[in-house]
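Chemist: Sharing a structure, written as structure tokens. Questions coming.
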Amino acid sequence: MAAICFTGHRDILEDKEVLSQHLYKRLENAVKYGITDFYAGGAVGWDTLAALTVIKLRRSYPHIKLHLVLPCPPEEQSRGWSQSDRTILYETIRAADTVEQVCSHYTYDCMKKRNAKLVEYGDFCLCYFDPDKSKSGTGQTVRMAQRKPIKLLNFWHYKE
């Protein structure tokens, strides 16, 4: 079976509800074509929006799976986050079908390792990537996906 991974920026410029609706439609089409596995990295922003959209989609398609690929323990990953963002992370962890931790503790390269693992699992990558921020972690992950190569769909300033 094919799988979709997500990568994207923490700051979302578009209306999150509208963006989630667009993503929901794309994911629903993917499920209808047989995709059942979705991989998210657990970060604030696009990762969270994508994971919550998969959870919502699972209400209609209970056979699909959300897999979280975390860079390190969630208490270390979420250090410095708002209480609201930490709460959402832990709720997402509880709702996920699997949770994988790439490193046993936070390291300088744990995010890069997490991103590589996401691309390894994905056959498609749905991203929220600003091409002007190519030196970001999202830019790095998009380049990894392009080298694999897997198909990319960018939701940056998404219009149907």
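What follows draws every value from the coordinates through simple rules; no lab data is involved. Just so you know, these numbers come straight off a predicted model, no measurement behind them. For neighbour counting, all protein chains shown are included, and Cβ atoms are generated from backbone atoms with ideal geometry for every residue, glycine included.
Chemist: Cα extents of the range 13-57 along the three principal axes, largest first, in whole Å?
Modeler: That works out to 30, 21, 14 Å along the principal axes.
Chemist: Report ³J(HN,Hα) in whole Hz for each residue of the range 103-110, in order, from the Karplus equation J = 6.51 cos²θ - 1.76 cosθ + 1.60 where θ = phi - 60°; Gly and Pro get x.
Modeler: So the J values, rounded to whole Hz, are 10, 6, 7, 5, 9, 4, 10, 5.
Chemist: A further question follows. For a quick check: with amide H placed at 1.01 Å from N, whose amide H comes under 5 Å from LYS151's, ignoring anything fewer than 5 positions away on the same chain?
Modeler: CYS125
Chemist: Out of GLN83, GLN146, GLN101, any idea which swings most in a Gaussian network model of the chain, alpha carbons joined below 10 Å?
Modeler: Looking only at GLN83, GLN146, GLN101, the largest GNM fluctuation is found for GLN83.
Chemist: Could you tell me which of rounded, prolate or oblate describes the chain, using a ≥ b ≥ c as the square roots of the eigenvalues of the alpha-carbon gyration tensor, with rounded for a/c under 1.5 and, failing that, prolate when a/b is larger than b/c and oblate otherwise?
Modeler: rounded
Chemist: Which ³J(HN,Hα) values, rounded to whole Hz and listed in residue order, are derived for the range 2-19 from phi using the Karplus coefficients 6.51, -1.76 and 1.60 in 6.51 cos²θ - 1.76 cosθ + 1.60 with θ = phi - 60°, glycine and proline given as x?
Modeler: My calculation for the range 2-19 gives 7, 9, 10, 10, 10, 8, x, 6, 6, 8, 10, 7, 6, 4, 4, 5, 5, 4 Hz in order.
Chemist: Still on this structure: Using a 10 angstrom cutoff on alpha carbons, build the Gaussian network for the chain and name the most mobile of LEU66, LEU49, LEU57.
Modeler: LEU57
Chemist: Can you list residues whose amide H is under 5 Å from ALA3's amide H, if they're 5+ apart or on another chain and H is modeled 1.01 Å from N?
Modeler: Here the answer is ASP123, PHE124, since their amide H atoms fall under 5 Å of that of ALA3.
Chemist: Next up: What size of dipole, in debye to the nearest 20, comes out for the chain about its Cα centre when the only charges are +1 on Lys and Arg C-beta atoms and -1 on Asp and Glu C-beta atoms?
Modeler: 320 debye
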